1. When only residues in the range 51-63 that are among the hydrophobic types (A, V, I, L, M, F, W, C) and modelled with pLDDT of 90 or more count, which is surrounded by the fewest Cβ atoms within 10 Å (Cβ to Cβ)?
2. For the range 71-89, which residues satisfy the criterion of being at pLDDT below 90 and in contact with a helix residue (DSSP H, G or I) (Cβ under 6 Å, 6 or more places away or on another chain)?
3. Filter the range 43-60 for residues that are within 14 Å of the chain's Cα centre (by Cα), of a type outside the set (Asp, Glu) and more than 11 Å from PHE124 (Cβ to Cβ) and give the result.
4. In the list VAL48, VAL66, VAL101, VAL19, which residue meets the criterion of being in a helix (DSSP H, G or I), in contact with a helix residue (DSSP H, G or I) (Cβ under 7 Å, 6 or more places away or on another chain) and at pLDDT below 75?
5. Is it true that ALA108 is of a type in the set (Gly, Ala, Ser) and either surrounded by 13 or more Cβ atoms within 10 Å (Cβ to Cβ) or at pLDDT 90 or above (or both)?
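The values are calculated or read from the model by the stated rules, or taken from the named source; none is laboratory data. Keep in mind that this is a model prediction, so the values were computed, not measured. Here Cβ is always computed from backbone atoms with ideal geometry, including for glycine, and neighbour counts include all displayed protein chains.
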Amino acid sequence: MEVLVAASSGAIAGLISGVIGSLIGPLVQWAIEKRRNRQNYRRELIKVWRDAIDEHIHRGTNVYSVEEFSRTAEYSRMRLYLSSESRQWIEYSIPERQALVEQGELGAWADEAGKRRKIILGEFAKLEQKWGLV
């Protein structure tokens, strides 16, 4: 009788652990897949943003190009992750920007665009670290 009780309790424990494992296993797999998808999305987002900056903000950028960039979907998505200084630089209207250049507050436009590009790309690098992508 004792052997029967010991065998049945072992079978019950095995059944319970099997049921628990079959329920938890898919949840763990789902959590891993969710994290992997989020990381892949973030990597792609950073790549798209870098490409947009390469296209719109560089040493030869004119004031009109930056204002056009401020109206793009890429900028709308990256805006939340940029510093207030970078957002302000991108969002100056053309008359404001031209006045600042003329007053010497923005420096030579080509130099300023090149500097700002480096700053923005640096902000993306920090974001990659924060998100654990590098």
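1. ALA52
2. Residue satisfying the conditions is TRP89 alone.
3. Of everything in the range 43-60, just one residue is within 14 Å of the chain's Cα centre (by Cα), of a type outside the set (Asp, Glu) and more than 11 Å from PHE124 (Cβ to Cβ), namely ARG43.
4. None of the other options fit; the residue is VAL101.
5. Against the criterion (of a type in the set (Gly, Ala, Ser) and either surrounded by 13 or more Cβ atoms within 10 Å (Cβ to Cβ) or at pLDDT 90 or above (or both)), ALA108 does not qualify.
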